[in-house]
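Everything below concerns the one structure shown next.
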Amino acid sequence: MIRCLIVDDKPLAIDILIAYIGKVPWLQLAFATQSPLEALGYLQSNKADLLFLDIQMPDLNGLELIRLTGGKIPVILTTAYSTYALDGYSLDVVDYLLKPIPFDRFCQAVEKVRARSTLAAGPDAQSIFVKTEYRIQRIALDDILYIEARQNYIAIETRQGRVMSLQNIKSIEEKLPAAHFARVHKSFIVAFQKIDTIERSTICIGKTAIPIGDSYREQLFKRLAT
């Protein structure tokens, strides 16, 4: 779980970020405040894994707050002004979100944090998180039967049903443990333990026939033989 601290002098901006955090299962709101000084006080005795930070604020601006924290917390800047982008990146912020912030851009930014974090899924993970149209959903790896690429999205077939995700097959392949999943075609990834039969150039999982691509055949059969 990634604990989030929000610092923004606009209550509406805070409310939007709180709502977005609530939609992502691996994010948790730790503290939200309109005061940068109050945020500093909070950090003296509390832990946060991610800081959502406005720039133009009274008493102390966001860039000054980053310097005072010593760069110990990953920062996503949230501002209505693009003029501060270079200053932000010079301080190694994770991302720079321009208000009004769309949910998909929010998801893109926090995924960068998760990828950097030790909280990110490793080879022993039991589940992955995927972005659907309106939310981020957790899927247990053991529930996945196969994954199919379809134009601009992928279909993840699970024991419970189909989950559609707006990403490409390569990005989902990188999240899956190679010991349990294999790319068998340019459009298909299968779970080894869910394969019922293999006949010629076809894998059967239940009633679904999945083609084996020519460029994937040799590697697939080598792995099955080990």
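Per the listing 189, 156, 172, the residue uniquely modelled with pLDDT under 90 and within 20 Å of residue 129 (Cβ to Cβ) is 172. Within the range 194-224, the only residue that satisfies the criterion of being among the polar types (S, T, N, Q) and modelled with pLDDT under 90 is 219. Taking the listed residues 121, 178, 115, the one that is more than 22 Å from residue 207 (Cα to Cα), in contact with a helix residue (DSSP H, G or I) (Cβ under 7 Å, 6 or more places away or on another chain) and at pLDDT below 85 is 121, with no other qualifying. Considering each of 19, 48 in turn, give the residue that is among the small types (Gly, Ala, Ser), buried (at least 19 other Cβ atoms within 10 Å of the Cβ) and closer than 26 Å to residue 115 by Cα. Within the list 19, 48, the selection yields 48.
The values are calculated or read from the model by the stated rules, or taken from the named source; none is laboratory data. Keep in mind the model is a prediction, meaning the values are calculated, not measured. Note that we place each Cβ from the backbone using ideal geometry, even for glycine, and neighbour counts take in every protein chain shown.
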